[in-house]
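A.B. asks: Can you keep this structure in mind? I'll have questions shortly.
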Amino acid sequence: MKIKRFTADTMREAIRSVRDTWGPDAVILSNKKLGNGVEITAAIDFEVEEVEQLANETEHAPAHTAAQGTAPRPEAATQRQAATPEQASPSLQSHLLKARAASAHNNSAGNADELSDLRREISDLRGLIEGELTQMSWREIGRHNPHKAALMRRLASLGLKREFCTTLAAQSAAPDDAEAAWKQALLDLAAMLTESDHDLLAHGGTYAIIGSTGVGKTTTVAKLAAQYALRHGADKIGLITTDCFRIGGVDQLSTFGQLLDIPVFLATDRLELSDILDQLSDKELILIDTAGMSQRDIELSKQLATLVGAGHDIQFYLTLSATAQQAITAEIMSVFSDIKLAGTVITKVDEAASLGGVLNAVIKHQLPTFFISNGQKVPEDLHPGSAIELVKIARDLLQRSSPHQPILETESTRPTTHSEGKRLHG
Ligand SMILES: Nc1nc2c(ncn2[C@@H]2O[C@H](COP(=O)(O)OP(=O)(O)OP(=O)(O)O)[C@@H](O)[C@H]2O)c(=O)[nH]1
Ligand SMILES: [Mg+2]
């Protein structure tokens, strides 16, 4: 084992000097403050037992470093990015030495395990700290402005992300009138949602309905086809499925196609899709149903590439289930973010406890919601989506889960959700 003393003006410089001389494998055995700087003793080429022994000595030695004034120098606080474990207290330092010694014992597989444990712990700690900070800042707002804090809590109970609650509460002109503030915040929330006046059911077009497994893509395609057929005739519609990955994937859409008297085509690759789209060029509305696969599935990207590369003007509607957990919805959004999405279809609002996850996603990605599905029935359980409808449903779900919350009865027509029947309009 080689041992050497390094002196420098600051701890940071001393550590850098050790690193420059011996590289990252060196360990620091002790440090002390000198009159005009610091001295650290470092070792390299050590045997594990030697370091363990030195670590024990460091741990049990009288606190000479403290007596010699190892209180952190002011620059240590301002150089946090350069701070290293070696700058820790002597006893912590000895633990670190032991940890290093122990880690030298382990093989690489063990190191990988430790690393992943460490990552998990760091991520847990980060969550804990973020949670604490959130609580602290909310408490702070509560102390200074209890009305605003109450509004933020109410908005948060919609499942909205904190940053959106903060923005909405900050916009509130009269937070001390709770009901007026709540009503205004809901209107402001609706204004945060992106809208589009594009009407598939009026104008047709070519649409791929994409989304993760079981969210209601095929059912949405069937509902859209049936509603369009009722308005314009079934002969104006073509249906395509790219779902060749699953047994029964084609059958499900074919059954709807037969019932509606609409031809259904299977496209297994980009060229086939392009050919079928050419064949269907006389149709007003072409709906492409896609395979249900986990958002983590590699096949998904291949399938999406097929659709994107087909050379036709295809609009992508991302189907999001309102029942999915927030984190899953966020993951789905990031997986599908490579595709230029026209908007979303939100399904299963009849089974959802809150719209928070989908609201956060569509606000963040500025996507309009073209349709809202609130049941399994074809075609009636699909309704045009709008910002105000989404907010009304979110509010109603909150009302249902917290009946003590006062209801706003200001709109001329109250929206309905599952508990009150299926119609969202009329
Ligand atoms: N409650 C409720 N069920 C729905 C809704 N939309 C679809 N479903 C049901 O959800 C289930 C899955 O629907 P599908 O249309 O097959 O979903 P998918 O996304 O095509 O599924 P995969 O192709 O397997 O990925 C079916 O039982 C549908 O009836 C809805 O809005 N509410
Ligand atoms: Mg399907």
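A.B. asks: Which value, in debye to the nearest 20, describes the size of the charge dipole of segment 200-401 about its Cα centre when Lys and Arg Cβ atoms bear +1, Asp and Glu Cβ atoms bear -1, and nothing else is charged?
C.D. replies: That gives segment 200-401 a dipole magnitude of about 660 debye.
A.B. asks: Could you give the nm distance between label points at Ala327 and Asp176, where each point is 7 Å from its Cα heading toward the beta carbon?
C.D. replies: 4.3 nm
A.B. asks: Here is a follow-up. In nm, to one decimal, how far is the modelled label at Asp269 from the one at Asp251, with both set 7 Å along Cα→Cβ?
C.D. replies: It is 2.7 nm.
A.B. asks: Set the bar at 23 Å for Cα to Cα. Now go through Lys161/Lys302; Lys302/Lys364; Lys148/Lys183; Lys236/Lys340; Lys348/Lys392; Lys364/Lys392 and name every pair that lies beyond it.
C.D. replies: Lys161/Lys302; Lys302/Lys364; Lys236/Lys340
A.B. asks: Around Ala291, which amide H atoms from residues at least 5 apart in sequence, or from another chain, sit under 5 Å from its own amide H, with H modelled in the peptide plane?
C.D. replies: Answer set, sorted by chain and number: Thr242, Asp243.
A.B. asks: When the solvent-accessible surface of protein heavy atoms is calculated with a 1.4 angstrom probe, in what order do Asp235, Asp289 fall, highest first?
C.D. replies: Largest accessible area first, the residues go Asp235, Asp289.
A.B. asks: Starting at the first residue of segment 200-215, write each ³J(HN,Hα) from the Karplus equation 6.51 cos²θ - 1.76 cosθ + 1.60 with θ = phi - 60°, in whole Hz, x for Gly and Pro.
C.D. replies: These are the phi-based 3J(HN,Hα) values: 4, 6, 8, 10, x, x, 10, 10, 9, 9, 10, x, 7, 4, x, 7 Hz.
A.B. asks: Give the cross-link partners of Lys2 among the lysines, using a straight C-alpha distance below 30 Å as the criterion and excluding same-chain residues fewer than 8 apart.
C.D. replies: Filter leaves Lys32, Lys33, Lys98.
A.B. asks: Sequence gap at least 6, Cα distance under 8 Å: using those rules, report the relative contact order of segment 145-192 to the nearest whole percent.
C.D. replies: Contact order relative to length: 37 percent.
A.B. asks: Follow-up. Using 5 Å bins from zero, what percent of all Cα-Cα pairs in segment 200-401 falls into each bin?
C.D. replies: In whole percents, the pair-distance histogram is 1, 8, 17, 21, 21, 16, 10, 4, 1, 0, 0.
A.B. asks: Here is a follow-up. Determine the gain in length on full extension of the stretch Asp261-Arg119; use 0.36 nm per residue of separation and subtract their C-alpha separation, reporting nm with one decimal.
C.D. replies: Stretched fully, the Asp261-Arg119 segment lengthens by 45.5 nm.
A.B. asks: Name the residue farthest towards the positive end of the dipole of segment 200-401 from the options Thr344, Val362, Ala225, assuming +1 on Cβ of Lys and Arg, -1 on Cβ of Asp and Glu, about the Cα centre.
C.D. replies: Val362
A.B. asks: Quick one: which residues, 5 or more positions from Phe265 or on another chain, have an amide H under 5 Å from its amide H? H modelled 1.01 Å from N in the peptide plane, none for Pro or chain starts.
C.D. replies: Those qualifying (amide H under 5 Å, at least 5 residues apart or on another chain) are Leu239, Ile240, Thr241.
A.B. asks: Computed over the Cα atoms, what is the radius of gyration of segment 145-192 divided by 2.2 N^0.38 Å, N being its residue count?
C.D. replies: 0.95
A.B. asks: A further question on this structure: Quick one: what are the phi-derived ³J(HN,Hα) couplings along segment 341-350, Karplus 6.51/-1.76/1.60 with θ = phi - 60°, whole Hz, x for glycine and proline?
C.D. replies: Result, rounded to whole Hz: 7, 7, x, 10, 10, 9, 10, 6, 5, 5.
A.B. asks: If R0 is 35 Å, what FRET efficiency do you get for Val308 and Gln399 from their C-beta distance, rounded to 0.05?
C.D. replies: For Val308 and Gln399, the calculated efficiency is 0.25.
A.B. asks: Right, here's the next one. Could you order Thr21, Thr347 so the one with the most accessible surface comes first? Probe is 1.4 Å.
C.D. replies: Largest accessible area first, the list is Thr21, Thr347.
A.B. asks: Between Lys2 and His198, what is the label-point separation in nm under the 7 Å Cα-to-beta-carbon projection?
C.D. replies: Computed distance between label sites His198 and Lys2 equals 6.6 nm.
The values are calculated or read from the model by the stated rules, or taken from the named source; none is laboratory data. No experiment lies behind these values; they were computed from the predicted model shown. Glycine gets a Cβ as well: all are built from the backbone with ideal geometry, and neighbour counts include every protein chain shown. These area figures cover heavy atoms from the full protein model, side chains too; ligands, DNA and RNA do not enter into them. Shrake-Rupley method; radii C 1.70, N 1.55, O 1.52, S 1.80 Å.
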